[in-house]
Amino acid sequence: MYKLVIFLFILVNYSWASLIGANYNQRDMQILEDLQIKSSFITDYKLQKTYNNLLRKHNQNNYVRKLSDASLFVPKIKKILREEEIPSVFLYMAMAESDFTIDAKSNVKATGIWQFMSETGKHFDLNINLYVDERMDLVKSTKAATQYLKYLHKRFDKWYLAALAYNCGEGRVIEAITRATIDKYVEENPKEKNSSKIQEFRHTIYSYQRGREPFYKLNRVYKKIRKWDVSLDIDDFLRVQKNITRQYIPSESRMYIRKIIALGMMNNQSFITENDNAHLLNIGATSSVATIPVKGGLHLKSISNAVGIDYKEIKNLNKHLKLQIVPPYEKTYDIYIPYSRLARYQANKNLIKDSKYLVYIVKRGDSLHRIGNKYNISYKIIKDFNKLNTNVLSLKQKLIIPISSNKSNSSSIKLAKANTKTTLIYKVKNGDTLYSIARKYNIDLKKLMSDNELKSNFINIGDKIVIKK
């Protein structure tokens, strides 16, 4: 009986080893190397489970469809990743985040291919206002994502940690590194388990987790333990501890990093490299999207009609233009067209009529007649352009107003600018007070506290203060 158990144990392990060996190749190992993950992680059970699930026929078909649907976007993303010296595997982070859906929105309001939250997007200079949401701008959002990833890599020194921090937050990864380092240090030095230093550090972590201590105190511990001679790898962060409610890394993020790796490995499989799908490997070999500067205030329809580009085609590449209007407060603004249409655009761009458009938000007491008189335009034109079936307007309704070239004066542009808000993120430095920050940005102190939901004037070094002007 004992010999039978041993035989079965060896057989199971041999079968598992054979399964692993059959499911990866040298290009898969390169994915791990690019993420700075040790090669032995290829045998991670949950990674293989994720990978094998993706290899099911319906998931293969979905994978091919997503790559094919994104054939215009992928080359541009690859090019930017290359230029910014970001490992190419991060293409699959975009796939994991949004399935390459340029206007994807999550239930927590993260938006775009790279799923930026509003404040994070603004921090990386993505404009979000009445006219644009640049989280859905293919080029600008990808460049913002690369800047964020480079910042995270500089902070954590590992690309896989940068990917985890992108998903679950910089603070959570700092907490994870701090906890994992202390736990491993105690494992290697059991006599230190009850030392005052270890107890003090663990108390700070415990208090931070329960909201009793500010982040800067956790960060202070983090900076100290980073100097210790303790080596951690991905297994240390992803392992599930028994009887622990708050794991080092949230389950969603543990699944997320494995999914990125598995999606990258999928691209090396025979269903991609052979037969009808082989062309997908060459996505990114040539330019696919051209960037063109156009005058502010133009409608995409005007550009589409003048240069003979399908309106739906140009609209799908410019979903960051919320109402298909180029921001009227900009002298010129970049939009995107298929590279294959660039020659046609260059030949016909002078045919674009210098018609301007802006967005008007209906206020109390407004009527189509009153708005028409304000902009010296027939109310019927406004009604027709906005496809209104009635003259009745709703409060805060958005109307597109066509403005003739001789009427697109400074007052119109001022209205457009008034509908945008500048938001900055200020990081509290030594010596700062809420009063000094409010004075620096010429903002009322009560407004600053309200915008940041602060109940007192107390702030800490490293806190991020939202500045809305």
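Observations
- Packing-based ranking of 113-121, 225-233, 313-321 yields 113-121, 313-321, 225-233, ordered from highest to lowest mean Cβ neighbour count within 10 Å.
- Reciprocal of mean inverse Cα separation for segment 289-351 (Kirkwood radius, Å): 11.5 Å
- With the Kirkwood sum run over all distinct C-alpha pairs, segment 166-249 has a hydrodynamic radius of 13.3 Å.
- Within segment 303-346, backbone nitrogen closer than 16 Å to the virtual label 7 Å beyond the Cα of ASP125 toward Cβ: 333-334
- Cα centroid of segment 361-377 to Cα centroid of segment 290-352, whole Å: 28 Å
- Using 0.36 nm per residue and subtracting the Cα-Cα separation, the extra length available between VAL392 and GLN147 on full extension is 83.5 nm.
- FRET efficiency, 1/(1 + (r/R0)^6) with R0 30 Å, evaluated for ASN61 and THR332 via beta carbons: 0.10
- The label point for GLN30 and the one for ARG202, both projected 7 Å from the Cα toward the Cβ, are 4.6 nm apart.
- Taken one residue at a time, the phi angles of segment 97-114 give Karplus couplings (6.51, -1.76, 1.60, θ = phi - 60°) of 6, 9, 6, 6, 8, 5, 10, 4, 9, 8, 6, 9, 6, 5, 9, x, 4, 9 Hz. Gly and Pro are set to x.
- The length gained on full extension between LEU454 and LYS301, counted as 0.36 nm times the residue separation minus their Cα-Cα distance, comes to 50.6 nm.
- In a fully extended conformation the segment linking SER40 and ASN189 would gain 51.1 nm over its present Cα-Cα distance, using 0.36 nm per residue.
- Estimated inter-spin distance, SER367 and THR433, nm [label 7 Å along Cα→Cβ]: 5.4 nm
- Between LEU232 and LYS383, the distance separating the two model label sites (each 7 Å from Cα on the Cα→Cβ line) works out to 6.6 nm.
Bear in mind that the values in this text are calculations on the coordinates, not laboratory data. Note that the structure is predicted; figures quoted are calculated from it, not measured. Glycine also receives a Cβ, built like all others from the backbone with ideal geometry; neighbour counts cover every protein chain displayed.
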